[in-house]
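These notes concern the structure reproduced below.
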Amino acid sequence: MAESTNTNEARRPSPRALLELAAKEQRGKLKVFLGMAPGVGKTYAMLSAARALKAEGLDVVIGLVETHGRPETTALIEGLEVLPRRAISYRNRTLLEFDVDAAIARRPQLLLVDEFAHSNAPGLVHPKRYQDVDGVLQAGIDVWTTLNIQHLESLTDVVQRIAGITVRETVPDKVVERADEIVVVDLPPEELIKRLKEGKVYLPDNARRAIDKFFQLSNLTALRELALRRTADRVDEQMLSQLRQQGIEGPWPTAERLLVCVGSDELSETVVRAAARMAAALKSDWIAIHLAHSDRESTDRKDVRRIEKAMRLAGRLGATAVRINARDLAAEVLAYAKRNNITQIVIGRSRPGFLGGWMRRSLSTELMAKAAGISVTVVAPETSPSRTLRFALPKIDTLWTGGLTAAAAVALSVAVGTLLERITDLPNLSMVFLLAVLICALRFGLHSAIAAAVFSFLAFNFFFIEPRYTLTVASPHELFALLIFLAVAIATGSLAGRLREQASATRERAEATQALYEFSRKLSGAPKIDDVLWLLAAQSAAIVKGKSIILLEKSGELSIEGGWPPEDTLGTADWAAARWAHRKGEPAGRMTETMPSAVFHFRPLISSPNVIGVLGVAPDETTDTLPLATASAVQAFADQAAIAIERTRLVEQATEAATTVESERLRNALLSSISHDLRTPLASILGSATSLRQLGDRMGKKDRADLLATIEEEANRLSVFVSNLLHMTRLEAGALDICRDWVDVRDAVNGAVSRAARALPKRRVQMSLEDGLPLIRGDAALLEQVLFNLLDNAHKYSPPVSVTRIDARATAGGVRIAVSDEGIGIPAESLSKVFEKFYRVAGSDGRAPGTGLGLSISAAIVKAMGGTIEARSPAASGKGTEISILLPAGEGQSDNQGDKGTT
């Protein structure tokens with residue numbers, strides 16, 4: 001039984017292989033017809049196979065096929081549907097290119113696209129045709145295409161050595177490796193040359209030039225071997241993949257991991273391609289790493305472009321790109337290799353400088369000396385290295401400025417030295433010249449310092465070493481001292497220049513760090529999405545010293561939501577690049593391989609795991625590569641902003657959800673209150689009316705009067721309830737008009753007390769109105785309604801035998817009206833809530849507490865009239881409630897007399 005379990009475990013399919021198979025099932029199938037050179041019959045073989053499938057009923061469409069004027073190829077197109085090409089205007093010419101959108105809209109079962117490595121005309125979404133084909137494959141359409149072996153990215157340097165030509169149209173190896181099937185269209189070199197001479201490949205004149213340059217027997221034989229070897233490797237890889245999917249036991253090849261070091265020299269691309277070929281042969285993962293000195297940063301634009309180009313090449317060839325800052329490059333490479341289980345390191349051997357080979361070991365030599373348990377492969381340049389005196393020259397304007405400054409500083413040193421020599425006898429005048437060297441180094445850098453050192457050497461010899469005013473040195477010790485001076489001056493200037501570079505690099509990193517800090521600090525306080533977008537646009541434009549634009553997804557489409565300076569339009573190329581970056585989640589536009597003609601460089605705004613928009617930045621026109629610190633800052637801005645945008649959206653959604661819950665609660669409370677307060681009086685009215693109708697003749701006069709009083713009382717109660725609902729609705733809708741007439745407070749109080757007496761004749765109300773109450777500006781009817789609501793509320797929450805008091809007093813600038821009762825009081829924690837809608841406390845008069853709208857309506861009316869309202873419940877007595885209103889007095893009025901009385 002144990003043996004059976006072990007056997008099942010051993011035959012379990014590889015999870016990684018199954019995941020790769022599932023991913024492939026969602027895409028269309030790619031079939032590549034691979035040849036060693038033009039003319040072997042790739043297009044012919046593809047069309048012949050397609051016609052056979054067409055005859056079997058398969059929907060076959062030609063997206064693009066180049067016949068090159070060959071009659072036999074043209075004949076195979078007849079009978080097949082051909083999609084119209086897309087016309088692109090470029091430099092006063094019309095170019096016909098493959099139309100991706102038309103192909104996807106047509107959705108055939110099989111699409112034929114010739115010349116896989118073709119470069120598209122500027123203005124299309126993709127610069128390369130293989131990217132067009134990838135879009136068709138993602139739509140689930142099968143594609144057949146053709147390719148020559150020399151167009152593989154990793155083989156371009158090999159082809160250049162073999163045939164002496166530079167291949168400019170290339171396809172990344174990983175694109176071909178993902179093909180589902182590769183068919184080698186093979187032809188003996190001798191037969192291909194024969195076809196070429198017969199004019200079956202090129203026209204006679206072109207054929208003669210091709211035979212003289214490219215189509216030589218040795219070249220074709222080497223290219224044929226490359227094609228066959230690559231196909232054999234592909235077959236081996238497919239076999240291993242199928243074995244893993246089926247769970248068949250190995251033996252499997254040992255897992256290898258490669259690390260290739262990318263520098264700024266001309267050998268970098270060659271090293272990357274060599275590492276790609278090694279990784280393909282070993283079927284292993286590989287990493288491309290660039291290490292920069294942490295104490296200084298390269299300012300040479302050629303070096304920066306070379307590094308970026310090599311790193312992009314590594315990415316296209318399937319590597320994982322990594323960038324690290326380090327002081328000790330060799331130690332950091334080895335530490336990284338050990339952390340990531342690297343088995344082989346690939347590095348190029350650069351040409352050493354004149355002094356470099358003597359003063360320090362190269363990185364490759366140091367790696368080989370220190371590596372333990374890790375293989376180091378050194379890729380040598382094509383020509384043998386020689387030690388030459390080489391300096392990286394600065395810009396012309398900097399060179400002239402630094403040189404002139406060095407000459408001026410040395411001339412000043414000569415003048416100072418001559419003056420000092422006349423004043424006093426100094427044995428070390430050379431220190432004056434060293435000071436000039438230091439000043440030039442700190443101000444203009446290394447090159448100015450070296451120029452100052454050489455000028456100082458010559459000037460000190462000419463003006464201060466015997467015999468003077470000649471470059472001749474009489475004494476050997478003077479010559480030795482001069483040479484020592486020159487060495488010290490160069491070393492001192494170099495150190496000072498290096499210090500300047502370190503300070504410059506530190507300043508740039510500090511600026512980037514400060515920008516990130518400021519961005520994060522401001523972002524944390526941005527409450528709304530508009531604030532986040534404005535901050536992102538402004539900071540991004542500042543860090544790239546150019547423009548920025550932000551596009552967010554709304555209803556499945558991108559729309560411009562912000563920019564700096566404010567921008568509301570984009571060009572066609574920019575829109576295409578933005579949509580590509582949003583759809584693919586990858587950078588696009590300027591300084592990338594996707595729509596490089598765009599003005600903006602777009603980066604996706606990714607928020608776990610959706611792409612919610614894109615950020616576009618446009619540096620000035622002279623910038624063709626973003627510095628590493630700037631690119632890192634832009635990416636950090638995009639990542640943090642995406643999180644902030646998602647946060648603000650979640651807050652808005654939470655607020656909307658809370659509002660919905662509160663609305664639902666209020667709706668339920670309103671429905672509950674309405675159902676109770678309508679049903680109760682209606683039930684009393686209905687019962688009394690029914691009794692009168694059925695038993696009226698047999699009932700006594702007193703009983704009939706009681707029933708009629710009940711009907712009247714409950715109808716009044718229902719009328720008050722409906723009036724409160726209407727008032728609250730009008731208040732919330734802003735439709736309640738507040739009159740600004742003169743109002744006598746005494747009349748309003750008397751009117752409210754009279755209404756309360758009619759509604760509840762058994763309750764006692766005591767009035768106390770101060771003499772000379774001023775008139776107020778307001779609405780008399782609404783003020784009476786407020787006071788009636790307060791009296792009604794006091795009756796509900798006090799015993800039936802208690803007295804309700806209403807007082808009115810003049811205050812500084814207004815009138816204070818207070819309604820107090822002898823009821824149960826209001827808890828301290830509820831005093832701030834009694835004016836909220838639907839807030840209720842059980843009554844004390846035996847009646848239901850009501851809707852909880854009376855005090856809310858009263859508070860809204862008082863506020864609309866410019867007054868205030870508050871509730872107090874004295875803590876000393878523990879019972880009773882006082883609700884007071886303060887209303888401002890009107891201007892230009894006469895005094896009114898009041899009285900005191902009890903009702």
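The single condition among (1) closer than 23 Å to L124 by Cβ; (2) among the β-branched types (V, I, T); (3) over 14 Å from the mean Cα position of the chain (by Cα) that I549 does not satisfy is (3).
Anything in the stretch 168-195 that is open to solvent by 60 Å² or more (accessible area, probe 1.4 Å), closer than 21 Å to V272 by Cα, assigned to a helix (DSSP H, G or I) and among the acidic types (D, E)? List them, or say none. Please lay out each step first, then the result.
To start, the set of residues in the stretch 168-195 that are open to solvent by 60 Å² or more (accessible area, probe 1.4 Å) comprises 168-169, 174, 177-178, 181, 186, 190-191, 194.
Then keep just the ones that are closer than 21 Å to V272 by Cα; that gives 168-169, 174, 177-178.
Keeping just the survivors that are assigned to a helix (DSSP H, G or I) gives 174, 177.
Hit for the stretch 168-195 is E177, nothing else.
Take I165 and tell me if it is β-branched (V, I, T), surrounded by fewer than 17 Cβ atoms within 10 Å (Cβ to Cβ), touching a strand residue (DSSP E or B) at 6+ places or on another chain (Cβ under 9 Å) and not in a helix (DSSP H, G or I). No: the conditions fail for I165. Scanning the stretch 270-292 for residues that are modelled with pLDDT of 85 or more and either assigned to a helix (DSSP H, G or I) or of a type in the set (G, A, S) (or both) gives T270, V271, V272, R273, A274, A275, A276, R277, M278, A279, A288.
Among residues that are at negative phi, part of a loop (DSSP other than H, G, I, E, B) and at pLDDT below 55, P427 is not included.
Remark: pairs (first residue in the stretch 416-440, free of Cβ contacts under 8 Å to residues at least 40 places away in the same chain; second residue among the β-branched types (V, I, T) and surrounded by 20 or more Cβ atoms within 10 Å (Cβ to Cβ); Cβ separation under 8 Å; 6+ apart in sequence or on different chains) = V416/V432; L420/V432; A436/V410.
Considering only residues that are surrounded by 15 or more Cβ atoms within 10 Å (Cβ to Cβ) and not in a helix (DSSP H, G or I), which ones fall in the stretch 694-721? Hit for the stretch 694-721 is M699, nothing else. Residue check: N341 meets all listed conditions (1) at pLDDT below 85; (2) in a helix (DSSP H, G or I); (3) farther than 17 Å from V272 by Cβ but one, namely (2).
In the stretch 761-780 there is no residue matching the filter, namely being of a type in the set (D, E, K, R) and part of a helix (DSSP H, G or I).
Please go through the stretch 96-122 and give me each residue that is assigned to a loop (DSSP other than H, G, I, E, B) and either touching an Asp or Glu at 6+ places or on another chain (Cβ under 7 Å) or surrounded by 15 or more Cβ atoms within 10 Å (Cβ to Cβ) (or both), ordered by number. Can you show your working first?
Let us first name the residues in the stretch 96-122 that are assigned to a loop (DSSP other than H, G, I, E, B), namely 98-99, 107-109, 114-118, 120-121.
Hits for the stretch 96-122 are F98, D99, P108, Q109, D114, E115, F116, A117, H118, N120, A121.
Against the numbered list (1) modelled with pLDDT under 90; (2) part of a loop (DSSP other than H, G, I, E, B); (3) touching a helix residue (DSSP H, G or I) at 6+ places or on another chain (Cβ under 8 Å), Q150 comes up short only at (2).
Looking at this structure, is T418 modelled with pLDDT of 80 or more, of a type outside the set (A, V, I, L, M, F, W, C), open to solvent by less than 60 Å² (accessible area, probe 1.4 Å) and closer than 22 Å to L334 by Cβ?
Details: modelled with pLDDT of 80 or more: yes; of a type outside the set (A, V, I, L, M, F, W, C): yes; open to solvent by less than 60 Å² (accessible area, probe 1.4 Å): yes; closer than 22 Å to L334 by Cβ: no.
Against the criterion (modelled with pLDDT of 80 or more, of a type outside the set (A, V, I, L, M, F, W, C), open to solvent by less than 60 Å² (accessible area, probe 1.4 Å) and closer than 22 Å to L334 by Cβ), T418 does not qualify.
Each residue in the stretch 196-221 was checked for being at pLDDT below 80 and assigned to a helix (DSSP H, G or I), and 16 pass. For V136, are the conditions met, namely being β-branched (V, I, T), touching a residue at least 60 places away in the same chain (Cβ under 8 Å) and outside any strand (DSSP E or B)? Answer is yes for this residue. On inspection, L650 passes the criterion of being farther than 30 Å from Y90 by Cβ and either in a helix (DSSP H, G or I) or at pLDDT 85 or above (or both). Determine, yes or no, whether L790 is farther than 28 Å from T680 by Cα and modelled with pLDDT of 80 or more. Here the answer is no, as L790 does not meet what is asked.
The values are calculated or read from the model by the stated rules, or taken from the named source; none is laboratory data. What you are looking at is a predicted structure, and each value in this text was computed from that prediction instead of being measured. So basically every Cβ, Gly included, is an ideal-geometry build from the backbone, and we count neighbours across all protein chains shown. The accessibility values were calculated without ligands, DNA or RNA, using every heavy atom of the protein model including side chains. Shrake-Rupley method; radii C 1.70, N 1.55, O 1.52, S 1.80 Å.
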